[in-house]
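Undergrad: The structure's right below; bear with me while I get my questions together.
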Amino acid sequence: MTLQAKEPFHFYTRQTLTYLTGRRASTLGELLSGIKEASEASIYHHTHHFLAQHEFLSPEPPNDFAYWITNILQDRLLGEEVASIDLREYASLEAIRSATVDVIERGQPSAGKRLDRHAPAGEEFHFMEAKSFVFPTRHVARSLEEFRDCLQQVSIFSIYFHVFEARLREGNSDFSLWLSTSLQEEELAKEFLQFDPYTQTLENLRLTLIRLVEARLQKG
Amino acid sequence: MAHLNDYREFAGADVIDELALSAERLSGVSIQNINSTAVGGGVAEILMRMVPLLQELGVNALWDVIKGGEQFFEVTKKMHNALHGQPVQFSQDEIDLFLATNETNARELNLHGDIIFIHDPQPCALIQRKSELGNKWLWRCHIDFSRPDPFTWEFLKTYIEQYDASVFSAPSFARQLSIPQVLISPSIDPLSDKNKELPQEVIDSVLQRFKIDPERPMVTQISRFDYLKDPVGVVQVFRKIQKYIDCQLVLAGGGAVDDPEGAKVLAEVQEAVNNDPDIFLLLLPPASDIEINALQRASTVVLQKSLREGFGLTVAEALWKGKPVIAGAVGGIPLQIVHKYSGLLSHTVEGTAFALKQLLQNPSYANNLGKNGREHVRRNFLITRHLRDYLLLFHSLRHPKESMVYL
């Protein structure tokens, strides 16, 4: 018999509006101080918007900081280091900010002058912020079977919200939390946390999630 | 007139469904758009498409146009040039005329919308009625704002900062302002004459009319004959690759005839072309959307070698047709092309020639860039994304402080 969840899972979706801050960086030094002073909404935008806007292109989307350091400042070594910061490791935007600052500052002694390297005119880094608007969808799951069906039907924006945004910006309403607290599916919840969603396209991510749920359902 | 459902096949059903989710939370809110022209010009063109689509979504969208005499529009034209970076002096009479015309319109227009959405500088001083009316006001700047003339900007800024929020088209247009600045890129309409699918016969007949060989590779730049679009640089690029690869160059654009600088640029391009039978200089009349569409679709590679650019929507148009594009990294172009993902960015004649050689000699690489480019435009630069952003902009006025808004 299908186990009913204590609380139903409501699928939400989200849309984002981008704000310009008027702050820009022409050098690595200016980028670094910008990152230190930026709002969390700005750190979120620059580490995640690429994923949402280009998710179809590549399973390894660079964040904006890494992209700018690599392609505009032409510092491939540091760019690679910033791109490979494992965002999954960090539970908050503050932690992502600190990790990014650490990587850039750590690189300084070996290449002291690179903090002053200038971007070509017109290719400055522009600090922006994301304001997200979250809407309830009509999809609600009350059991693991329904959860799988919803995963098949919701938009990729909904998947994106629950996997990335809810975790970092809200600290709740992500899939694994519901699986463990409402369905007592501790093992499955752990599996949901074990893979790295940042290195998959969103459609692949959907398939991975569905596969995990189906494997659990087959076990009975 | 296109309907929302006509966009499902391009934007995706989930995008259209989520537009409805967003719009239903705006029911009962009226949005009054105000600009300075009912026809002609990019702003009127956008409003003509957006207002009916917003209405179809159940949003009470309205559109009014300010009235002004010839002299008023001469002043605003001058203002427009100044905001594009030309140093311009305004007399006190001109400033008085600008303000008086705005005042007259502020009195005569029924400013009853819950949200008053002002487009461009011409009607921006209508804001003076805000405190008396108590509604929300938005100002949308549609023009290139990267280097505005400081005097003109300081003058306008006193009005702009009274708005609840401003909207710009590219990150480089952002200013230091005391009000929120929202980034909303322009968009293309996949159902317009410039972008709709064309039967092969139409494309063939356009090529035939211009005597372009359909069998040989074709490199195209569509733009006005303007120094900032670097058409002479494009000819130089072509010269560098012509030695190695058999191909043709098409430079097509309009706007040169009544523009003294345009005529000068055209003369320089003609000199650079030097009657080369493989280079086609096409001066197109204003209503040439089908021709432009056909030329883009017939191209092997599209160039947009701009030295400065507002947004550069010709890039989105070419990407939408699945074409590999090489473009200058200026204005809004880097938003449309992520280097080596959805096209190539270049800065010099040599760099552009190198990129062009790569694309002409590696059709599968070129094809992949084009495919990614189309997908990028599909998700980020179609009119449906523009609609989504406008709806969010309207929501944002009710939630000015939060970075996560639950609707």
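Undergrad: Please enumerate the residues belonging to the range B:269-296 that are open to solvent by less than 40 Å² (accessible area, probe 1.4 Å) and either not assigned by TED's automatic domain parsing to the domain that holds residue B:247 or not in a loop (DSSP other than H, G, I, E, B) (or both).
TA: B:269, B:272, B:273, B:279, B:280, B:282, B:291, B:292, B:293, B:294, B:295, B:296
Undergrad: Look through the range B:336-348, keep the residues that are at the interface with chain A (Cβ under 10 Å from one of its Cβ atoms) and open to solvent by 50 Å² or more (accessible area, probe 1.4 Å), and return whichever of them is farthest from residue A:72 (Cα to Cα). Explain how you work it out, then say what you get.
TA: Quick first cut of the range B:336-348, residues at the interface with chain A (Cβ under 10 Å from one of its Cβ atoms) only: B:338-342, B:345, B:347.
So of that shortlist, the ones also open to solvent by 50 Å² or more (accessible area, probe 1.4 Å) come out as B:340-341, B:347.
Numbers: B:340: 13, B:341: 15, B:347: 12 Å.
The qualifying residue farthest from residue A:72 (Cα to Cα) is B:341.
Undergrad: Any residue in the range B:137-160 that is away from chain A (no Cβ under 13 Å) and touching a residue at least 60 places away in the same chain (Cβ under 8 Å) sitting within a Cβ distance under 7 Å of a residue that is part of a strand (DSSP E or B) and open to solvent by less than 20 Å² (accessible area, probe 1.4 Å)? List the pairs, counting only those 6 or more apart or interchain.
TA: Partner pairs satisfying both residue conditions: B:142/B:119.
Undergrad: For residue A:53, only one of the following conditions fails: (1) modelled with pLDDT of 90 or more; (2) within 9 Å of chain B (Cβ to nearest Cβ); (3) within 14 Å of the chain's Cα centre (by Cα). What is its number?
TA: (1)
Undergrad: Within the range B:58-72, can you find the residues that are surrounded by fewer than 19 Cβ atoms within 10 Å (Cβ to Cβ) and farther than 18 Å from residue B:111 by Cβ?
TA: Within the range B:58-72, B:58, B:69, B:70, B:71 meet the criteria.
Undergrad: Take the range A:68-98 and flag every residue that is within 13 Å of another protein chain (Cβ to nearest Cβ), in a helix (DSSP H, G or I) and under 19 Å from residue A:33 (Cβ atoms).
TA: Within the range A:68-98, A:68, A:79, A:93 qualify.
Undergrad: Let me ask another. Condition test on residue B:91, is it away from chain A (no Cβ under 14 Å) and among the small types (Gly, Ala, Ser)?
TA: Yes: the conditions hold for residue B:91.
Undergrad: Next up: Could you tell me which of the residues B:360, B:393 is within 11 Å of chain A (Cβ to nearest Cβ), touching a residue at least 60 places away in the same chain (Cβ under 8 Å) and surrounded by fewer than 23 Cβ atoms within 10 Å (Cβ to Cβ)?
TA: Details: B:360 fails: within 11 Å of chain A (Cβ to nearest Cβ).
Every option except B:393 fails the conditions.
Undergrad: Looking only at residues in the range B:307-329 that are farther than 17 Å from residue B:188 by Cβ and open to solvent by less than 30 Å² (accessible area, probe 1.4 Å), which one is nearest to the other protein chains (Cβ to nearest Cβ)? Show your work before the answer.
TA: The first filter runs over the range B:307-329 and keeps only residues farther than 17 Å from residue B:188 by Cβ, leaving B:307-308, B:324, B:326, B:328-329.
So of that shortlist, the ones also open to solvent by less than 30 Å² (accessible area, probe 1.4 Å) come out as B:324, B:326, B:328-329.
Working: B:324: 15, B:326: 15, B:328: 9, B:329: 6 Å.
My answer is B:329.
Undergrad: Test residue B:265 against the criterion of being in contact (Cβ under 8 Å) with a residue 12 or more places away in the chain and touching a Ser or Thr at 6+ places or on another chain (Cβ under 7 Å), and give yes or no.
TA: On the way: in contact (Cβ under 8 Å) with a residue 12 or more places away in the chain: yes; touching a Ser or Thr at 6+ places or on another chain (Cβ under 7 Å): no.
No: the conditions fail for residue B:265.
Undergrad: Further, regarding this structure: What are the residue pairs meeting all of these: first residue in the range B:177-192, first residue over 27 Å from residue B:159 (Cβ atoms), second residue buried (at least 21 other Cβ atoms within 10 Å of the Cβ) and small (Gly, Ala, Ser), Cβ atoms under 7 Å, and 6 or more apart or on different chains?
TA: Taking only residues 6 or more apart or on different chains, the pairs are B:188/B:316.
Undergrad: Consider only pairs whose beta carbons are under 6 Å apart and that are at least six residues apart or on different chains; among these, list those whose first residue lies in the range A:148-160 and is farther than 13 Å from residue A:135 by Cα and whose second residue is at pLDDT 90 or above and open to solvent by less than 10 Å² (accessible area, probe 1.4 Å).
TA: From residues that are farther than 13 Å from residue A:135 by Cα, the pairs are A:148/A:213; A:150/A:11; A:150/A:141; A:151/A:209.
Undergrad: If residue B:293 meets every condition in (1) at pLDDT 95 or above; (2) touching a strand residue (DSSP E or B) at 6+ places or on another chain (Cβ under 8 Å) apart from one, which number is that one?
TA: The one condition residue B:293 does not meet is (2).
Undergrad: Okay, next question. Which is modelled with pLDDT of 80 or more, in contact with a Gly (Cβ under 9 Å, 6 or more places away or on another chain) and over 30 Å from residue A:76 (Cα atoms), of A:132, A:176, A:155, A:182? Working first, answer last.
TA: Details: A:132 fails: in contact with a Gly (Cβ under 9 Å, 6 or more places away or on another chain); A:176 fails: in contact with a Gly (Cβ under 9 Å, 6 or more places away or on another chain); A:182 fails: in contact with a Gly (Cβ under 9 Å, 6 or more places away or on another chain).
Sole residue among the options that is modelled with pLDDT of 80 or more, in contact with a Gly (Cβ under 9 Å, 6 or more places away or on another chain) and over 30 Å from residue A:76 (Cα atoms): A:155.
The values are calculated or read from the model by the stated rules, or taken from the named source; none is laboratory data. Because the structure is predicted, anything quoted here is derived from the model rather than measured. With ideal geometry, Cβ positions are generated from the backbone for all residues, glycine too; neighbour counts draw on all protein chains shown. For accessibility, only protein heavy atoms count, side chains too; no ligands or nucleic acids. Shrake-Rupley method; radii C 1.70, N 1.55, O 1.52, S 1.80 Å.
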